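The values are calculated or read from the model by the stated rules, or taken from the named source; none is laboratory data. Just so it is clear, the structure is predicted and the values come from calculations on it, not from any experiment. Glycine gets a Cβ as well: all are built from the backbone with ideal geometry, and neighbour counts include every protein chain shown. Keep in mind that these areas ignore ligands, DNA and RNA; they rest on the heavy atoms of the full protein, side chains included. Shrake-Rupley method; radii C 1.70, N 1.55, O 1.52, S 1.80 Å.
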Amino acid sequence: MKQSHIRNFAIIAHIDHGKSTLADQIMALTQTVSVREQHAQLLDDMTVEQAHGVTVKARTVRNYYQADDGQEYEYNLIDTPGHVDFNYEVAKSLAATEGAILLVDATQGVQAQTIANYRIAKQRQLTLIPVLNKVDLPSADIDAALAQLNDLDSAFTPEQVLQISAKTGQGVPAVLEAIKQRLPAPKGNLHQPLKALVFDSLYDPYQGVIAYVRLIDGQLKSQQALRLMQGQQDFNGKTIGVFAPQMHPQESLSAGDVGYVATGIKDPRKVRVGDTLTSVATPTQRPLAGYQPAKSMAFAGLYPKNNDYPALKEAVQKLNLNDPSFTYVEERSEALGVGFRCGFLGTFHLQIIRERLHDEYGVDVLTTAPNVTYHVTLTNGQQVIVNNPVQFPAFSLIKEVTEPFMKAEITMPADNLNAVLKLAEQHKGTLIDLANSGDLIVASLKIPLSEIAYHFFSELKSVSHGFASLSTAFMANEVSDLVKVEVDINYAPVDALTFIVHREDAPNMTQQLVANLKTTVPRQLYPTPVQARVEGKVIARVDVPPLRKNAAVNGEQHSTSKKAALLRRQSANKRRASKNTIKLPQSVFNAILSL
Ligand code: GTP
């Protein structure tokens, strides 16, 4: 295909505004998928995506479009995720395109992720086509949404904004024409040495790592000697091809094209997303800029449930290839054995990774309570970075601790403001700015990441009845009064239950925690004390009742000698249990999560 007839574009939008539905519609209209193959959300094919109804991974599809001018165009569409935790995927996809459809739900208008994604696209100087979706719904407020779009960008005049229903297909043909007319064709040079961006990858047991590539310059042929510049890795490319939407082999790919190369490389770590692919024979001089690595926001320990460490290790490595925004280092816990300390973009990301490990690799994991990164200055001036609460230094050695603060922008209708500000205050947020955007209010807050990383998003949805939306960006590390809570079960500390909290929250949280643990720690033959310690003092305690009734109190009808025998046995058991052998189920760790 001539470059002038290629369009590479993404669909960007706030969560649930209908990206995947529009992508389905585009594939149907261009007959990329036959009627037989059509089922809703074709691209959200991962089990986790179907379970949660959200896109997690960006997808790529090549479509052929018969334009009104009678010519055929190649449309490479990249579907992107909308959840806050997956902004990184959006930025990655946009690096491979020249333009994007900015999709807005007419019933909800411009939301936080609409603005966040709009900014990412603008930074990349992409051409945008504003599209209003769901105009078929009676609750659609088209005028309000048009005004908000115009506020966002003065170029988005009502005449420029297309109005569609991705569900019924109304207006979608006009979107296809607009892609041809408004988006630029790629500008690469076919006669330069090969230069391609690896924008995604996947592991295939037969073909090794499959690299998703966007060709900038030159040509790519199957069976060619290739080089990954950053990874300094040479290999012989196996098959190459395009996604339609399944993998579809081709003889060659040219500048401007989007497709894949089966690398045959078995070690997932050797193919890095953001790397530049070139040919060994005539390598390009300058590699592409690549990506900023994603910054992990939340950390948690992942441990194999049935002690199958090798299986977990392999799964984690492969998953990291497919999703490099998740990081891992090996760690050892006394309670749980060998596992990994993993970094995530947020807690929803953590949940998704856990489910993917189960669905795609058959590995079940125990996850410890997530935490953020703390910077600790010791009294001797030394600096320690703590990603694992267990390594949080003893309180007597600490001079000060800083934790990450975020700038949270909450976009909402005016009548939600009070409820949202109250919620933010409960989470130690301070208001920086209030601004109007059309009939919406944008509140900018400074708030500790540890407060918003867990349940904040769902609480926000709940207090605002689904109307408020959130986008966050790292601000700075600032001093906070934080303490380490250690938990003992049967007088033995359980390292994997250690966590860090704000001092003022410690009494309340530990009371709730031990109450939760009372019902989740597996019962033993003897009463099991569970206690939470802060700075050496026990501040909460509870006894997990024994499996059987205590002979000493409940044995009224037994003889004294029987009672004594029972008590002797119980105390012997207790002594034997001085080292903790209680196997902890996931529900114990969830007891912390649910606080
Ligand atoms: P994420 O991938 O989670 O970010 O969502 P998305 O933006 O891909 O949204 P998706 O396509 O999954 O659509 C969300 C919901 O809106 C689905 O239940 C769709 O059926 C519905 N929907 C999408 N477009 C329309 C439309 O034009 N009209 C109506 N009535 N419903 C729509």
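In the frame of its principal axes, region 371-459 has Cα extents of 53, 22, 16 Å, reported largest first. Here is the tail figure for the chain: Cα pairs spaced more than 34 Å apart come to 50 percent of all pairs. In plain terms, the chain from Glu400 to Thr157 could stretch by 82.3 nm, reckoned as 0.36 nm per residue minus the Cα-Cα distance. When the inverse distances between all different Cα atoms of region 295-439 are averaged and flipped, the Kirkwood radius reads 17.8 angstrom.
Enumerate the aspartates and glutamates that Lys180 could reach by cross-link, defined here as Cα to Cα under 13 Å, with residues fewer than 8 away along the same chain left out. Output for Lys180: Asp68, Asp69, Glu72, Glu74, Glu98.
Computing the accessible area with a 1.4 Å probe over protein heavy atoms, can you report the carbon and sulfur percentage for the chain? The computed percentage sits at 50.
With R₀ fixed at 30 Å, the C-beta to C-beta distance from Gln512 to Ala565 puts the FRET efficiency at about 0.20.
Close Lys pairs in region 221-374 (alpha-carbon distance under 20 Å; sequence gap of 8 or more, or different chains): 11. Across the alpha-carbon atoms of region 449-567, the computed radius of gyration and Dmax are 20.9, 69 angstrom. Spin-label pair Tyr491-Gln586: with each label point 7 Å from Cα along the Cα-Cβ axis, the two points sit 3.4 nm from one another.
Between the helical axis of 172-182 and the longest alpha-carbon principal axis of the chain there is an angle of about 70 degrees. Give the shape of region 58-209 as rounded, prolate or oblate, defined through the alpha-carbon gyration tensor: a ≥ b ≥ c are the square roots of its eigenvalues, a/c under 1.5 means rounded, and otherwise the shape is prolate if a/b is larger than b/c and oblate if not. Prolate shape, in that a/c is at least 1.5 and a/b is the bigger ratio.
Per-residue packing, averaged as other Cβ atoms within 10 Å, sorts the ranges 264-270, 253-259 into the order 253-259, 264-270, beginning with the highest.
Our summary gives region 340-477 a relative contact order of 24 percent, counting only alpha carbon pairs under 8 angstrom and 6 or more residues apart. Excluding ligands, DNA and RNA, the accessible surface per residue across the chain is 44 Å² with a 1.4 Å probe. Candidate cross-link partners of Lys167 among the lysines, defined by an alpha-carbon separation under 21 Å and a same-chain spacing of 8 or more, comprise Lys19, Lys134. Taking a straight line from the alpha carbon of Lys446, these lysines sit under 18 Å away, with near neighbours fewer than eight places off in the same chain left out: Lys407, Lys422, Lys428.
Helix 417-426 and the longest principal axis of the C-alpha atoms of the chain enclose an angle of approximately 50°. On full extension, the segment bounded by Ala311 and Glu72 gains 81.3 nm, given 0.36 nm per residue less the C-alpha separation.
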